[in-house]
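Peer 1: Shown below is the structure under consideration.
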């Protein structure tokens, strides 16, 4: 049915889609109307958030250069401390390796191992890059089905999931 209302494509987890399909089955409403109904009750709260965040965003844009310069200066100031921490850890690591080596040596054997010189460790120049969480790059999701999903999707087709209504 043609409409003049704006259209939105929503990508959601399979479990969420299964719940919406279950609601569609028991209420007789389309998935689209269920989503609109759920969002309608949130509009006043969402509008308050928009009103609160607009001045914050404007201030952030105005202060972005000042904040960026302060962050760069903080990174430069902390760099020697990071290097010192790495150096200290390298020294502790050498002591641990020596103690483990001595404990593993056969009784009466002289351990003639000289400690290795401390390695120079370089701290990362920035914290930007591939950040892993739970062994996966952020933003990547497994496509493997979670147990029980098949049951929650009875009566729903994933083939047309993006256009379900």
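The values are calculated or read from the model by the stated rules, or taken from the named source; none is laboratory data. Quick caveat: nothing in here was measured; it's all calculated off a predicted structure. With ideal geometry, Cβ positions are generated from the backbone for all residues, glycine too; neighbour counts draw on all protein chains shown.
Peer 1: Name every residue in region 1-28 that is surrounded by fewer than 11 Cβ atoms within 10 Å (Cβ to Cβ) and closer than 16 Å to residue 39 by Cα, in order of residue number.
Peer 2: 5, 6, 7, 8, 9, 11
Peer 1: Please determine, by comparing only the residues of region 60-70 that are out of contact with any helix residue (DSSP H, G or I) (no Cβ under 9 Å at 6 or more places or on another chain) and surrounded by 11 or more Cβ atoms within 10 Å (Cβ to Cβ), which one is modelled with the highest pLDDT.
Peer 2: Going through the qualifying residues, I end up with 70.
Peer 1: Residues in region 35-58: is at least one surrounded by 10 or more Cβ atoms within 10 Å (Cβ to Cβ), at negative phi, touching a residue at least 12 places away in the same chain (Cβ under 8 Å) and outside any helix (DSSP H, G or I)?
Peer 2: no
Peer 1: In addition: Taking the criterion of being surrounded by 10 or more Cβ atoms within 10 Å (Cβ to Cβ) and either in contact with a helix residue (DSSP H, G or I) (Cβ under 7 Å, 6 or more places away or on another chain) or not in a helix (DSSP H, G or I) (or both), would at least one residue in region 74-93 satisfy it?
Peer 2: No, that holds for no residue.
Peer 1: Taking the condition within 24 Å of the chain's Cα centre (by Cα), at pLDDT below 80 and within 30 Å of residue 17 (Cα to Cα), does residue 133 pass?
Peer 2: Yes; evaluated as a whole, the condition is true for this residue.
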